[in-house]
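For reference, the structure is listed below as structure tokens.
The values are calculated or read from the model by the stated rules, or taken from the named source; none is laboratory data. Please read all numbers here as calculations on a predicted model, not as lab measurements. With ideal geometry, Cβ positions are generated from the backbone for all residues, glycine too; neighbour counts draw on all protein chains shown.
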């Protein structure tokens, strides 16, 4: 794979860091400043200033062609797997409280296996079915840690 | 000084029933985690911390120590068998370990690696046992200005020594400092950067964030490279090393132990650095340096000894000063905090019995992985062939379940997933993750002690530079930062010159 410049990524990071630093100045400006509580704005302002400075250097380096390189670009099947994994993990967070651990994890493992290229359906369904039940039993009975019951409330 | 009676009692506690079982399980899991490329010791500890909540503090801690030491050692197995380090700490073992496997000596390589790791780890566990109480006693003299200076020193080393780019290490550390400020002000009690969210008044949940940054992010990386995992084909014979072979390596063991200890003690650098330093030194001082890289015992013994020797060194600043030696000990700190144990000199004063149990646990853990490694070498070799399409989803589920199980709130699960994806993006685009985590721990320490110092001196900042110990540490921090930046600029210029 041909090395790829991180120029675009570095510019994006620099553009994200600038508003974050400015927000730190804005919010910490509203804090109380009594000496008895040890100058609470000093360190946040110091960190935000350093971050602004660093973002500036990053931007200048990226624009002047001195960004570091990546071994290869994330593309094609690799990118689709990553996006699929991220979407599944995000959906898991939203759905687990509603449907419960066992049902959500079953579908998570099923779809995740498909994302990773598993096409042996019997193995996939067995793995997706047995794993959440086993984990639920271990957590509920041995570790005494409740997992979201969802529909089984 | 170490209390020998308490130490004996500590050994007795660690070797008794449930604790010993936890240690064996931890070592076993640690070796498996280390042996599988892509899974790290830090990840293993982060994943298993939530599962230790319901345990007695010492039971949970010895299990995590077993994982820590076992995983650092286990990385060498993959280095030898498939030319891919199981953990970053085992990278230097590839140079001679894999050639030995190619010559049909895989079993001998693994045997030497196992014993070497055990020697290194035991040496520094003993150093930890005898030196930690002395350092903790000295640290009792520290006040807010000294702790501020220590935090600055730790931060300076953390951000300058991580990754290819000091600038990106600095950005990672600075973002970590900002993350540490989210929540209630430690002295004034007013909310900071909470955006009105009740969940953020306590800051970001630390352990779910650790699980996300160190474990889930690796899960995403495994998703990226899932199709390229190599398989083990070697047959293991003659695993147990001969006594004369070990005697012939005695100088290598001693030198590598010292290197591992010194590197381990330095905050933010650990086994990943010590293995290379030790290998380079072994080659430089050898009568036959041309043999290094062709498959010789010394080439395996040197890095393996140093990498496990780093573990005791990394534990030393963490236990005595509350400054993590590396990312793995940062997570161990999180585990101690969950059991209401704050690392630092007061831990030695108020929980002396537990501290000696930890010493006992470290020493026994280093024997345990040697016994397990030599006995089950063939099993661990086969574990490397585990189907990643089963393993990776299990990593995701373990991360998410582990995060949820801490407080039974979905907010923790969301924190884990958010930081998991952020951690993956950071690794992908060369922003080291360790400075962000270490900066959160050290940043909180730096800020609270800075402000306490100002309160002590009624607003006069000269208190930070007029106390001799604090001033010495600050000068050391400045010197370390300047030296590290100059060294890295030289290395980058040399690299650019070669291209």
From the list B:484, B:414, which one is more than 11 Å from chain A (Cβ to nearest Cβ) and either surrounded by fewer than 15 Cβ atoms within 10 Å (Cβ to Cβ) or assigned to a helix (DSSP H, G or I) (or both)?
B:484
Just to be sure before I move on: is residue B:457 farther than 29 Å from residue B:76 by Cα and either within 8 Å of another protein chain (Cβ to nearest Cβ) or under 22 Å from the mean Cα position of the chain (by Cα) (or both) in the structure I sent?
no
Would you confirm whether any residue within region B:367-378 is assigned to a loop (DSSP other than H, G, I, E, B) and modelled with pLDDT of 90 or more?
yes
Would you confirm whether any residue within region B:173-195 is at pLDDT below 85 and under 30 Å from residue B:101 (Cβ atoms)?
no
Please name all residue pairs, on different chains or six or more residues apart, with Cβ atoms under 6 Å, provided the first residue is in region A:139-153 and is within 16 Å of residue B:397 (Cβ to Cβ) and within 11 Å of another protein chain (Cβ to nearest Cβ) and the second residue is modelled with pLDDT of 75 or more and surrounded by fewer than 14 Cβ atoms within 10 Å (Cβ to Cβ).
A:143/B:54
Being without any contact (Cβ under 8 Å) to a residue 40 or more places away in the chain, closer than 18 Å to residue B:341 by Cβ and touching a helix residue (DSSP H, G or I) at 6+ places or on another chain (Cβ under 8 Å), is that true of even one residue in region B:79-91?
no
Evaluate the following for residue A:85: is it free of Cβ contacts under 8 Å to residues at least 40 places away in the same chain and within 7 Å of chain B (Cβ to nearest Cβ)?
yes
Residues within region B:417-443 that are in a helix (DSSP H, G or I), surrounded by 20 or more Cβ atoms within 10 Å (Cβ to Cβ) and within 11 Å of chain A (Cβ to nearest Cβ), tallied:
6
The conditions are (1) part of a loop (DSSP other than H, G, I, E, B); (2) free of Cβ contacts under 8 Å to residues at least 24 places away in the same chain; (3) more than 8 Å from chain B (Cβ to nearest Cβ), and residue A:118 fails exactly one of them. Which is it?
(3)
Read through the list (1) in the same structural domain as residue A:13 (by TED's automatic domain parsing); (2) crowded, with 16+ Cβ neighbours inside 10 Å; (3) over 23 Å from the mean Cα position of the chain (by Cα), then give the number of the only condition that residue A:64 fails.
(2)
For residue A:126, indicate whether it is surrounded by fewer than 14 Cβ atoms within 10 Å (Cβ to Cβ), more than 27 Å from the chain's Cα centre (by Cα) and part of a helix (DSSP H, G or I).
yes
Is one or more of the residues making up region A:73-80 within 8 Å of chain B (Cβ to nearest Cβ) and in contact with a helix residue (DSSP H, G or I) (Cβ under 6 Å, 6 or more places away or on another chain)?
yes
Given (1) at pLDDT 90 or above; (2) closer than 20 Å to residue B:373 by Cβ, index of the condition residue B:275 fails
(1)
Does region B:319-339 contain any residue that is at pLDDT below 90, farther than 21 Å from residue B:436 by Cβ and surrounded by fewer than 24 Cβ atoms within 10 Å (Cβ to Cβ)?
yes
Is region B:83-103 home to any residue that is under 23 Å from residue B:248 (Cβ atoms) and not in a helix (DSSP H, G or I)?
yes
Among the residues of region A:18-44, how many are at pLDDT 90 or above, touching a helix residue (DSSP H, G or I) at 6+ places or on another chain (Cβ under 9 Å) and more than 7 Å from every other protein chain (Cβ to nearest Cβ)?
6
